[in-house]
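Asker: Here it is, the structure in full.
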Amino acid sequence: MISSSRRGRATIAAQKIRVLIADDHVTVREGLAAIIGRQPDMAIVGQAATGREALGLWHEHRPDVALFDLRMPVLDGIGAIQEIRDQDSLARVIILTTFDTAHDIERAIKAGARGYLLKDAPRKELLDAIRKVHAGEVSLAPALVARLAAGMTSDALTGREGEILNLLSFGRSNKEIAATLEIGETTVKSHLRSIFAKLGVISRTEAIAVASQRGLVQL
């Protein structure tokens with residue numbers, strides 16, 4: 001016969017928020033596990049080093065909340081979320097990353113992430129995010145919401161403008177860009193004026209900086 005005290009402990013354990021962590025850096029995983037594991041209302045059910053491993057652990061444990069890094073080997077956080085959400089539209093996943101571009105945030109939200117946090121977020125913000133997402137809410141820091149809004153409200157670049165912007169990020173001159181794309185320098189200058197207007201900048205250096213922040217180019 002199960003004692004009332006054992007039944008009580010089992011009930012408390014069942015009420016805890018069961019969290020799965022996926023990050024390819026062992027120190028990050030262990031640090032998160034230590035912080036989360038000390039919370040009276042949370043419990044760690046698994047730790048994964050790759051997105052593919054995270055999928056296996058998710059199927060095994062069906063956690064209440066999963067905490068995924070954006071960049072992971074084998075399968076990244078976005079891919080893992082998409083596969084999970086294809087099977088369970090109610091799955092609750094938070095992205096925890098160092099990448100804060102509007103492009104990355106938008107991709108994560110479109111994939112089904114319920115939260116997006118940076119790894120330098122205060123401990124309280126992380127724990128609050130887990131509790132909010134578990135409760136069915138969305139958790140995005142105000143600064144990230146503003147960055148996402150800024151990226152989404154800007155006019156989209158055309159394919160040709162994207163090519164020119166990418167070459168610009170490699171330090172190519174107008175003449176070099178024209179030669180690479182087999183177009184005239186005047187055409188390159190016209191495209192640059194359009195790119196500057198859409199990004200809200202006035203120089204090549206500023207254009208590259210803003211494009212990098214929004215995830216339009218990789219430096």
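The values are calculated or read from the model by the stated rules, or taken from the named source; none is laboratory data. Keep in mind that this is a model prediction, so the values were computed, not measured. Note that we place each Cβ from the backbone using ideal geometry, even for glycine, and neighbour counts take in every protein chain shown.
Asker: With the structure loaded, tell me whether Ile130 is assigned to a helix (DSSP H, G or I), touching a residue at least 24 places away in the same chain (Cβ under 8 Å) and within 30 Å of Ala33 (Cα to Cα) or whether it fails that test.
Answerer: yes
One line per residue, one yes/no per condition, for (1) within 18 Å of the chain's Cα centre (by Cα); (2) crowded, with 17+ Cβ neighbours inside 10 Å; (3) more than 27 Å from Ala43 (Cα to Cα); (4) modelled with pLDDT under 85:
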site	(1), (2), (3), (4)
Thr101	yes, yes, yes, yes
Arg114	yes, yes, no, no
Leu127	yes, yes, no, no
Ser139	yes, yes, no, no
Leu181	no, no, yes, no
Thr205	no, no, yes, no
Ala211	yes, yes, yes, yes
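Asker: Moving on to the next point. If Ala121 meets every condition in (1) part of a helix (DSSP H, G or I); (2) under 19 Å from Ile17 (Cβ atoms) apart from one, which number is that one?
Answerer: Condition not satisfied by Ala121: (1).
Asker: Same structure again: Would you point out which residue out of Leu148, Leu167 is out of contact with any strand residue (DSSP E or B) (no Cβ under 6 Å at 6 or more places or on another chain) and modelled with pLDDT of 90 or more? Working first, answer last.
Answerer: On the way: Leu148 fails: modelled with pLDDT of 90 or more.
When all the criteria are applied, what remains is Leu167.
Asker: For region 40-76, name all the residues that are basic (Lys, Arg) and at negative phi.
Answerer: Passing the criteria: Arg52, Arg71.
Asker: Conditions first: (1) without any contact (Cβ under 8 Å) to a residue 60 or more places away in the chain; (2) in contact with a His (Cβ under 7 Å, 6 or more places away or on another chain). Arg71 passes all but one, so which condition is the exception?
Answerer: Just one mismatch for Arg71, condition (2).
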